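The values are calculated or read from the model by the stated rules, or taken from the named source; none is laboratory data. Given the structure is predicted, the values throughout are model-derived calculations rather than measurements. Cβ atoms come from the backbone with ideal geometry, glycine included; neighbour counts cover every protein chain shown.
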Amino acid sequence: MSIFVRKGDLTQVVCDAIVNPANSYGYMGGGVAGAIKRVGGREIESEAVAKAPIHVGEAVVTTSGSLPCKYVIHAPTMKEPAMKIPVENVKLATRAALELALKTNIRSIAIPGMGTGVGRVPADDAAKAIVSIAKEFENKFDEIILLDRNDEMISSFEKYLNI
């Protein structure tokens, strides 16, 4: 199996790409996106905004600034910043990120709990959605890392990965 669950900081993981649960405009204000911008640099946001609009169900890749990964894949879970979203958007974003990663020859990718912050998707629902899509791609990557700082998200990832 190439899917792993880890507790940690997305901005510190060493892999080919990390996934930013973005908005369609590419703005990186708060939550995961804000952390990526703070650590990696404003050029990540500038590049994402230049590629906008990015519709839910699509993804774009940017450089990673000073992050230890090579790329950031921006996969919108919402059109507008800070929108409440349905869990279906998490599935669409996860699929778009993994499909783009394959096209970009990315071999290892880290995916956080998407939609659980301002999107207000319950951690358990988001984990079920992310794991279900990740399992469809598990033999196509060296590593799919499901990573979060939140214990509830980690427990939910582990629960659905082991079903």
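Details
- Taken as a whole, region 125-144 holds no residue that is buried (at least 24 other Cβ atoms within 10 Å of the Cβ) and either part of a loop (DSSP other than H, G, I, E, B) or modelled with pLDDT under 95 (or both).
- Yes/no for Ile109 being assigned to a strand (DSSP E or B) and either crowded, with 16+ Cβ neighbours inside 10 Å or polar (S, T, N, Q) (or both): yes
- Region 14-30, subset crowded, with 19+ Cβ neighbours inside 10 Å and hydrophobic (A, V, I, L, M, F, W, C), residue farthest from Ser66 (Cα to Cα): Ala22
- Only one of Val49, Val72, Val90, Val32 that is touching a Gly at 6+ places or on another chain (Cβ under 8 Å) and at pLDDT below 95: Val32
- Residue count for region 27-52, restricted to those that are in a loop (DSSP other than H, G, I, E, B), out of contact with any Leu (no Cβ under 9 Å at 6 or more places or on another chain) and either under 23 Å from Ile130 (Cα atoms) or of a type in the set (Gly, Ala, Ser) (or both): 5.
- Some residue of region 4-22 being in contact with a helix residue (DSSP H, G or I) (Cβ under 8 Å, 6 or more places away or on another chain), assigned to a loop (DSSP other than H, G, I, E, B) and farther than 22 Å from Leu161 by Cβ: yes
- Boolean, Ile44 is closer than 22 Å to Glu138 by Cβ, at pLDDT 95 or above and either surrounded by 16 or more Cβ atoms within 10 Å (Cβ to Cβ) or of a type in the set (A, V, I, L, M) (or both): no
- Residue list for region 101-124, restricted to those being among the hydrophobic types (A, V, I, L, M, F, W, C), at pLDDT 95 or above, under 26 Å from Glu47 (Cβ atoms) and more than 12 Å from the chain's Cα centre (by Cα): Leu102, Ile106
- Applying the condition of being more than 21 Å from Gly34 (Cα to Cα) and not hydrophobic (A, V, I, L, M, F, W, C) to region 82-106 and asking which residue is surrounded by the fewest Cβ atoms within 10 Å (Cβ to Cβ) yields Asn105.
- Residue list for region 1-33, restricted to those being under 21 Å from Asn139 (Cα atoms) and without any contact (Cβ under 8 Å) to a residue 60 or more places away in the chain: Val14
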